[in-house]
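*Asks:* Shown below is the structure under consideration.
The values are calculated or read from the model by the stated rules, or taken from the named source; none is laboratory data. Model, not experiment: these values are computed from the prediction. Cβ coordinates were reconstructed from backbone atoms using ideal geometry, including for glycine residues, and neighbour counts include every protein chain displayed.
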Amino acid sequence: MTFSALASELAQLDARALKRVRRVLQTPQSARVRVGGRAYLAFCSNDYLGLAGDSRLVRAAQEACARCGVGAGASHLVLGHSEAHEALERALARFVALPRALLFSSGYMANIGVVSALVGRDDAVFADRLNHASLNDACLLSRAQFKRYPHGKLQALEKLLSATPARRKLIVTDAVFSMDGDIAAVPALLELAERHGAWLLVDDAHGFGVLGESGRGVLSHFGTFSPRIIYMATLGKAAGVFGAFVAGQALVVEFLVQRARSYVYTTATPPLLACAALESLKLIETEQWRRDRLAQLARLLKSGLAASPWRLLPSNTAVQPLVIGGNAEALAVADALNERGLLVPAIRPPTVPQGTARLRISLSAAHSEDDVNLLVETLNDIARR
């Protein structure tokens, strides 16, 4: 591909209002941030519990840095697996009530590692059409037959499962769909998995810390547990740190230790992050007020936007999508908010289907009721204009 071809593609993205632009954050992640020298009220991070800048996590990381150094220096299987990593894996397994957990450097790497380790050319993987890109890429890289079913349509999934002659079957799903905010029917998916002899991989990136008893995630939320479930969650969203983990049966996790290439062939994350995540886990478990505030803020937002000409999707999570429609219109609304000191991202295709460009409003326990009221008043004023 030539430079002119690259320039042409970029120009086409720009013309279709699909070109993305990075902002440079000048403060710690929080509800109030500084970008380009200007203060903003932000509704655009995944810091759902407001822990990313918590002084206790900062202190835990600082103390660990002095004790453990900065870099891990090696992969987990060579000499990079520290006492801090081991302690965090044990704590995470206990927290989500599964026999064993395994740390990964990111949710993307975790999904790729799990799917490509468990299925291959003679196998089949079944995926909800609204799954995160990391799950889709994992399915493609696995070389298994990749079969997608319409969002939430489990009858369609059942037909696909019944028709496949595949040696090994794997169902993969987001727990909380990151651009819609709805929650997968995990108990029904598990019933299908058990009936058809399939594994079920649940990506709880946006539910861990928020859903379930004491934030234990979507499995706790539904009271659903099974040896067939492989559970993945991230530590860079509600937990406020970085990384991810996979939890499940001890035999499955040991298989991943040996076969998940994105685990085997990468340097371990810095031990200081494991120590910060351990501290975060304590706060997630004990500070219920954070989840209570999220629920109250979501109710306030829904009430305030009930008469909006734009459609707020039904969501009981921290992800509250407001569907605008066209790409240019969604960008215009986001820009109008920006001018008034509010940051809310406009999400456009291919992240969401054509014609459903939206504002992805992310609520945080760091927000106040006044913050949400201001967002509501500003959106309603922009709509009237």
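*Asks:* Condition test on Leu51, is it within 22 Å of the chain's Cα centre (by Cα), surrounded by 13 or more Cβ atoms within 10 Å (Cβ to Cβ), of a type outside the set (Val, Ile, Thr) and at pLDDT 95 or above? Show your work before the answer.
*Replies:* Values: within 22 Å of the chain's Cα centre (by Cα): yes; surrounded by 13 or more Cβ atoms within 10 Å (Cβ to Cβ): yes; of a type outside the set (Val, Ile, Thr): yes; at pLDDT 95 or above: yes.
Answer is yes for this residue.
*Asks:* I need a count of the residues in the stretch 162-195 that are assigned to a helix (DSSP H, G or I) and surrounded by 15 or more Cβ atoms within 10 Å (Cβ to Cβ). Before you say what the answer is, go through the steps one by one.
*Replies:* As a first pass, look at the stretch 162-195 and keep what is assigned to a helix (DSSP H, G or I): 162-163, 186-195.
Checking which are surrounded by 15 or more Cβ atoms within 10 Å (Cβ to Cβ) leaves us with 186, 188-193.
Total meeting the criteria: 7.
*Asks:* Can you report the number of residues in the stretch 136-161 which are touching an Asp or Glu at 6+ places or on another chain (Cβ under 6 Å) and surrounded by 19 or more Cβ atoms within 10 Å (Cβ to Cβ)?
*Replies:* As a first pass, look at the stretch 136-161 and keep what is touching an Asp or Glu at 6+ places or on another chain (Cβ under 6 Å): 144, 151.
The next check asks that each one be surrounded by 19 or more Cβ atoms within 10 Å (Cβ to Cβ); those that pass are 144.
The number of residues fulfilling the criteria is 1.
*Asks:* Taking the condition of being closer than 16 Å to Asn316 by Cα and part of a helix (DSSP H, G or I), how many residues in the stretch 357-371 meet it?
*Replies:* Taking the stretch 357-371 as the starting set, the residues that turn out to be closer than 16 Å to Asn316 by Cα are 360-365.
After this cut, where a residue has to be part of a helix (DSSP H, G or I) as well, the list is none.
So the count comes out to 0.
*Asks:* With the condition kept exactly as written, say whether any residue in the stretch 36-43 is of a type in the set (Gly, Ala, Ser) and touching a strand residue (DSSP E or B) at 6+ places or on another chain (Cβ under 6 Å). Step through it out loud before you land on a result.
*Replies:* Filtering the stretch 36-43 down to residues of a type in the set (Gly, Ala, Ser) leaves 36-37, 39, 42.
Among the residues that remain, those that are also touching a strand residue (DSSP E or B) at 6+ places or on another chain (Cβ under 6 Å) are: 42.
Yes.
*Asks:* Checking Arg228 against (1) touching a residue at least 40 places away in the same chain (Cβ under 8 Å); (2) on the phi < 0 side of the Ramachandran plot: exactly one of these is not met. Which one?
*Replies:* In the conditions (1) touching a residue at least 40 places away in the same chain (Cβ under 8 Å); (2) on the phi < 0 side of the Ramachandran plot, Arg228 misses (1) alone.
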